[in-house]
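All remarks here apply to the structure that follows.
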There are 2 protein chains.
Amino acid sequence: MNQQQPASYRITFEPGNRTVTAAGGETLLEAARRLGLHVNASCGGDGTCGRCRVIIEQGAVNGGASEKISPADFQQGHRLACGAEITGDTVVRIPVESGLGKGGLTTGGRGEVAGRNRARMHVYDIEELREHGLFLPPVEKFFLELPRPGHADNMADAGRIINSLSSQYDEHRMVITLPVLKKIPAALRADDFRATVTVARPVHSGKNFVMDIQPGNWTRRNFALAFDLGTTSIYGILVDLESGKVLARDGAYNGQLSYGEDVISRIIYAEKPQGLERMQELAVNTINQVLDKLLAKAHPPEEAARGAVRREEISSITIAANTTMTHLLLGLDPSHIRRAPYVPASTFLPPVRAADLGLKLDQHAVALCYPAVSSYVGGDIVAGVMGSGMYRTDKLTLYLDIGTNAEIVIGSREWLVCAACSAGPAFEGGGITHGMRAAQGAIEDVAIDPQTLEPLLTTVGNRPPVGICGSGLLNLVAALFTCGVLDSRGRFQRELATDRLREGRSGWEYVLVRQQEAGVEHDIVLNEVDIQNFMRAKAAIFAGVKTLVEEVGLAIGDLEQVILAGAFGSYLDLDAAMTVGLLPEIAPEKFLYVGNGSLMGAWMSAMSNHIRRDVVAVVRKLTSFELSEVTAFQEQYTASQFLPHTDLELFPGVKKRLNEQAATSIPAP
Amino acid sequence: MNQQQPASYRITFEPGNRTVTAAGGETLLEAARRLGLHVNASCGGDGTCGRCRVIIEQGAVNGGASEKISPADFQQGHRLACGAEITGDTVVRIPVESGLGKGGLTTGGRGEVAGRNRARMHVYDIEELREHGLFLPPVEKFFLELPRPGHADNMADAGRIINSLSSQYDEHRMVITLPVLKKIPAALRADDFRATVTVARPVHSGKNFVMDIQPGNWTRRNFALAFDLGTTSIYGILVDLESGKVLARDGAYNGQLSYGEDVISRIIYAEKPQGLERMQELAVNTINQVLDKLLAKAHPPEEAARGAVRREEISSITIAANTTMTHLLLGLDPSHIRRAPYVPASTFLPPVRAADLGLKLDQHAVALCYPAVSSYVGGDIVAGVMGSGMYRTDKLTLYLDIGTNAEIVIGSREWLVCAACSAGPAFEGGGITHGMRAAQGAIEDVAIDPQTLEPLLTTVGNRPPVGICGSGLLNLVAALFTCGVLDSRGRFQRELATDRLREGRSGWEYVLVRQQEAGVEHDIVLNEVDIQNFMRAKAAIFAGVKTLVEEVGLAIGDLEQVILAGAFGSYLDLDAAMTVGLLPEIAPEKFLYVGNGSLMGAWMSAMSNHIRRDVVAVVRKLTSFELSEVTAFQEQYTASQFLPHTDLELFPGVKKRLNEQAATSIPAP
């Protein structure tokens, strides 16, 4: 081993042939992070999750062994990147399951799978906003034709603008910011005192602000951004505030992913020296990346002559995110979020200059973050409540956003209660032996032949399968249970006559894909440990919903509407979800799907000052329950760790089907 | 001559032995400016004013001749710095009359001269503000003892502060700015949830802002700055917002002086590339210099244990300045101020972060500039109207601030009219052959023996005389007129038997100081051209006052109070001023002197949100007259270019005295 540390070495990562100079003693994970390469590290680099496996192709490293790596694989050069210290020039391969996957984020929607029973899509559009009197952009442009100054009228340039806004447009209480004052004299004289001013109307303020001025008439060029800043992925849309149209949408994995998959590992990193700055920088960089992609795409159709949207024509960005992500984006200390009693620095956030955050927007562009309710009921869920229209409905509604944390809101325009429960990462492909995100090659749907017990798969992008994503997992477990391969405790019926069932290194498992058919160099399996993880996740959600409904003195049967939000929700098969007991058994027509609720809320806020105003009251109205402190929740959680539930009366449809199938299709032991 | 331009040379300026490297072809004025050395250049460096005379002691320059330099002086090495191009290493002396003078600004008040009839001093103090219910600092500190977060109360840190401000202090509608949010978690936990917050209450806004947070109780450490940013000098005071006491006052010459003495030459410079940035930088640097001096002096007496005021304990700076200076300070384009129809970029200015302007204050400190009425009725005069209490009085008041521009306001709490008239620089020592500012060695008072016609002088600092400042000029002219040396047209009685009168290069002159008694190497004289300049200045002011009074349908006799402001006003002898017809003949007890009205207004604004609120209405109420457009003004101006006036009935006192003296003391022709 090289003893002359810290010398510096050349580390090359494959695929992609990306090279970085690293000091001896640095870990491969650190080197990859500096390059901006993503290596899965759910645990944030502590060596506990085993997800950051890499393969040393040339050279050698020190350390990086793990019980998650078999002796055979270790022989082949497999190491954990977080433990592997650099000791010389090295070529390292990041296997597909440790990286982000080739295709990047699927933003457009994956293929529909026939025969699946999904929630109806419901999306507010601009017409609906107008119809409900909600369309009132927080930033508007006004074209002014000002009287030229002269002998009898030598009012100041700024006063001339303010008077004209008042007389021509009935816009009052204007303050002109200093950067605009600097531009005014030249701007007014560039086109004979005809100019366009950009006016922002902050809610709950006695003042409106003139934020920009341009010579000539540019009123039809007024654009805004709305972003969902997720722990895993960041999605953005670019909207035309004149027409209300969405001109472009795109997304990217959150650059912070390399520092851990959940908010806790991000907070821990942020507590290190310069850690908060680094977290902020990564979030901002990812938003800037998405912004670049949006700008490359966005051409307002009716304004073709004037070309694509220019960066400086964007006057606002509205961002919805969970409380931790919001803190990291703004550079607020998140450390008390992860320690009892879980106190965020702030739940309400002031508007700030986007450029001050490092966002590549013009000086005049304002950034606004959605307010949160508490450390674990964040601005993303508030945005969902606004964006789904739940805050305005008369129907008793359950809003459910399933991610690493499941967020549950129950109520209507009158009252709202909410709770968050930790579902774990199972539905996002985490905590499962061969789990993965819904990237290219992810198994997203599974059917099982009830006779042969052979699987029928659908993968994202129709690529050779490399792992199982959330919807695939749900459908697989439901199918295995329905076919009788799994019992209600989530254990395999070991005596079944199929070579798909076998005893593996982690106990009994179902072989979903054999290595020769896979896009990876091993079988893809689901074992009983995975199934226990899945059951805990679905149990937490069901118990959360049931507990919260009952805490307010109601029953599940009282729900008049269920709104599903989030990527998982869009691919969620209602039958499968009820079969395993993830969702309560409710008539499918009562289910709505709103897509990315957080992004929808950000969009609405970008379009509507009414929403911006109302959100303050909604946040104050939202009563947050800490489920871990409700005794009933623990009982519900335990009772829910069965397929579908210990109390089959809660799932009469499933009970009926099981009874029918027991009589017909399950092979006798 | 050296032909290898632009080579670089070493230029040394005396006194002070300051050295700078300069390129061949650069002028001495440019080289001096780069060093930050002041060389008078009233014209801004155009070669027309002849004030930037320097003496080449070693080496040689190219050019710099002028009709203002006699052939003998030229032989001695005298040159105009603005025209003298560098051609080699040079040692240059800046003579005392071309520099700022050794003593710098006299901020404390010069010696009183016995027997002079001056206006009574009237200065608002903190007790009077309190008495009138005006004391309400725009920035206050509040000490909060917050409940510690716990199991049953895990509200966000920010919300905890907002709730406590509301329940403990009845302070509502708070917004916490992002920089403060960043500090909150650590600040709250540093002293067990006991902290001091700094709250700003912008007027006419629906919101109040938490601008800073400190662990512990710091409510007694709350300081503010008030500045008068003059074209020539910049004065500042540091106030304790807790006690209302002025802890320190100081001043400095405006660093822009080297670029011209009047606002027009500053505007012309600002129109050059990077010129506006340079003007802003110089104003900011001067304020920072004064700030350093204030901090070195300021020790709150009751807080001795905690030591001197620290920079970061200053939470606001209020600045009063004329419209051009305000534009230059904020970086606003002033170019249309000097061109008909004289349109400023803005008259109302938003509060800005002081640090954004380059002021050396903490991030949380806010800078606020006084609003103006128009291009030539600036924030300084508005500040004077506020600071003198004129805007609240029931008496019909004339407010008069005499500087290069004389500013005239007439009215009371009910109505206000104002006008500015260009008096020229005579009262500040400009435009007079041997005029100078009231620096060390300036002749500030003159008496003349009516028999011998010999002068008796008083100089600033009792130094050998080097020139004549404004008050000296006024008293000299009044004395010469009273003794019959000058006739009412401002011409010398040439036949008088005294060798003090002689015909010089610029016509007839009175020799005030002979070279052997002077602190400069020439006689100090006053010639008829100087007297014509003086008469034009005083005529403009008197005509301005009379025209404005009559424009509103009143007469000078209706005035119930005259408020004099400005440095000149404080040394102005009322008898002399009436004798020459500068001020109307009004009973001396009706005169008040308020000192630096602009600084006083800035101080009041720093102490009182009521003033900040009321100033908006006062500016709207102030009707501005453009005297050059009033026909009567031209007539008045012509009629006023006599001593004291063509219409002696306007000055019955003077008339009476002249008649008496004619009978006794004037030697017969």
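Per-structure values
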{"quantity": "The stretch B:204-215, subset within 10 Å of chain A (Cβ to nearest Cβ) and surrounded by fewer than 18 Cβ atoms within 10 Å (Cβ to Cβ), residue farthest from B:Ala298 (Cα to Cα)", "calculated": "B:Gly206"}
{"quantity": "Of all residues making up the stretch B:310-347, the number that are in contact with a strand residue (DSSP E or B) (Cβ under 7 Å, 6 or more places away or on another chain), closer than 12 Å to B:Gly378 by Cβ and among the aliphatic types (A, V, I, L, M)", "calculated": "5"}
{"quantity": "In the stretch A:307-339, the residues that are in a helix (DSSP H, G or I), more than 10 Å from every other protein chain (Cβ to nearest Cβ) and either free of Cβ contacts under 8 Å to residues at least 24 places away in the same chain or not β-branched (Val, Ile, Thr) (or both)", "calculated": "A:Arg311, A:Glu312, A:Glu313, A:Met325, A:Leu328, A:Leu329"}
{"quantity": "Boolean, B:Thr498 is touching a residue at least 24 places away in the same chain (Cβ under 8 Å), in the same structural domain as B:Pro425 (by TED's automatic domain parsing) and exposed (fewer than 15 other Cβ atoms within 10 Å of the Cβ)", "calculated": "yes"}
{"quantity": "Residue count for the stretch B:112-122, restricted to those that are modelled with pLDDT of 70 or more and part of a loop (DSSP other than H, G, I, E, B)", "calculated": "5"}
{"quantity": "Flag for A:Ser335 being of a type outside the set (Lys, Arg) and buried (at least 22 other Cβ atoms within 10 Å of the Cβ)", "calculated": "no"}
{"quantity": "A:Thr397 vs. criteria open to solvent by 10 Å² or more (accessible area, probe 1.4 Å), of a type outside the set (D, E, K, R), more than 14 Å from chain B (Cβ to nearest Cβ) and touching a residue at least 60 places away in the same chain (Cβ under 8 Å)", "calculated": "no"}
{"quantity": "Condition met for A:Leu486 (hydrophobic (A, V, I, L, M, F, W, C), over 28 Å from A:Ile69 (Cβ atoms) and over 33 Å from the mean Cα position of the chain (by Cα))", "calculated": "no"}
{"quantity": "Search result, residues across the stretch B:171-189 that are within 39 Å of the chain's Cα centre (by Cα) and part of a helix (DSSP H, G or I)", "calculated": "B:Leu178, B:Pro179, B:Val180"}
{"quantity": "Criterion: open to solvent by 50 Å² or more (accessible area, probe 1.4 Å), more than 28 Å from A:Asn208 (Cα to Cα) and at the interface with chain A (Cβ under 9 Å from one of its Cβ atoms) - qualifying residue of B:Arg189, B:Arg130, B:Arg173, B:Arg194", "calculated": "B:Arg189"}
{"quantity": "Answer from A:Gly435, A:Gly430, A:Gly472 - the residue that is without any contact (Cβ under 8 Å) to a residue 40 or more places away in the chain and within 15 Å of A:Leu526 (Cβ to Cβ)", "calculated": "A:Gly472"}
{"quantity": "Test: residue in the stretch A:401-412 that is open to solvent by 20 Å² or more (accessible area, probe 1.4 Å), more than 14 Å from chain B (Cβ to nearest Cβ) and part of a loop (DSSP other than H, G, I, E, B)", "calculated": "yes"}
{"quantity": "Subset tally (residues that are surrounded by fewer than 13 Cβ atoms within 10 Å (Cβ to Cβ) and in a loop (DSSP other than H, G, I, E, B)) for the stretch A:501-517", "calculated": "2"}
{"quantity": "Considering residues of the stretch B:464-478 that are in contact with a helix residue (DSSP H, G or I) (Cβ under 8 Å, 6 or more places away or on another chain) and open to solvent by 10 Å² or more (accessible area, probe 1.4 Å) only, the residue farthest from B:Val529 (Cα to Cα)", "calculated": "B:Pro464"}
{"quantity": "Residue in the stretch B:226-246 that is outside the structural domain of B:Phe568 (by TED's automatic domain parsing), modelled with pLDDT of 95 or more, part of a loop (DSSP other than H, G, I, E, B) and more than 23 Å from the chain's Cα centre (by Cα) present", "calculated": "no"}
{"quantity": "Residue, farthest from A:Asp356 (Cα to Cα), within the stretch B:176-186, restricted to residues that are free of Cβ contacts under 8 Å to residues at least 60 places away in the same chain and buried (at least 23 other Cβ atoms within 10 Å of the Cβ)", "calculated": "B:Pro185"}
{"quantity": "Search result, residues across the stretch A:609-648 that are of a type in the set (Ser, Thr, Tyr) and crowded, with 24+ Cβ neighbours inside 10 Å", "calculated": "A:Ser640"}
{"quantity": "Single residue of the stretch A:135-155 satisfying the filter (away from chain B (no Cβ under 14 Å) and outside any strand (DSSP E or B)) that is most open to solvent (accessible area, probe 1.4 Å)", "calculated": "A:Phe135"}
{"quantity": "Residue check, A:Ala23 in contact (Cβ under 8 Å) with a residue 60 or more places away in the chain, within 22 Å of A:Arg278 (Cα to Cα) and among the aliphatic types (A, V, I, L, M)", "calculated": "yes"}
{"quantity": "Hey, B:Asp292 touching a Leu at 6+ places or on another chain (Cβ under 6 Å), outside any loop (DSSP other than H, G, I, E, B) and open to solvent by 10 Å² or more (accessible area, probe 1.4 Å) or not", "calculated": "no"}
{"quantity": "Test: residue in the stretch B:216-230 that is away from chain A (no Cβ under 14 Å), in contact with a Phe, Trp or Tyr (Cβ under 6 Å, 6 or more places away or on another chain) and surrounded by fewer than 20 Cβ atoms within 10 Å (Cβ to Cβ)", "calculated": "yes"}
{"quantity": "Candidate set: the stretch A:340-384, residues that are without any contact (Cβ under 8 Å) to a residue 12 or more places away in the chain and open to solvent by less than 40 Å² (accessible area, probe 1.4 Å); chosen: the one farthest from the other protein chains (Cβ to nearest Cβ)", "calculated": "A:Ala355"}
{"quantity": "Single unsatisfied condition, B:Leu456 versus (1) under 26 Å from B:Arg116 (Cα atoms); (2) part of a strand (DSSP E or B); (3) in contact with a Phe, Trp or Tyr (Cβ under 7 Å, 6 or more places away or on another chain)", "calculated": "(3)"}
{"quantity": "Check on B:Glu528, under 29 Å from B:Asp73 (Cβ atoms), surrounded by 15 or more Cβ atoms within 10 Å (Cβ to Cβ), assigned by TED's automatic domain parsing to the domain that holds B:Asn659 and among the acidic types (Asp, Glu)", "calculated": "yes"}
{"quantity": "Filter result for the condition that a residue is at pLDDT 95 or above and over 30 Å from B:His204 (Cα atoms), over B:Pro644, B:Pro669", "calculated": "B:Pro644"}
{"quantity": "Subset of the stretch A:156-165 [open to solvent by less than 40 Å² (accessible area, probe 1.4 Å), of a type outside the set (D, E, K, R) and more than 7 Å from chain B (Cβ to nearest Cβ)]", "calculated": "A:Ile161, A:Ser164, A:Leu165"}
{"quantity": "Options A:Val549, A:Val520: the member that is of a type in the set (A, V, I, L, M), under 27 Å from the mean Cα position of the chain (by Cα) and in a helix (DSSP H, G or I)", "calculated": "A:Val549"}
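The values are calculated or read from the model by the stated rules, or taken from the named source; none is laboratory data. In this text, all values refer to a predicted model and were calculated from it rather than measured experimentally. All Cβ positions, even for glycine, are placed from backbone atoms using ideal geometry, and neighbour counts span all protein chains on display. Calculation scope for accessible area: heavy atoms of the full protein, side chains included, ligands and nucleic acids excluded. Shrake-Rupley method; radii C 1.70, N 1.55, O 1.52, S 1.80 Å.
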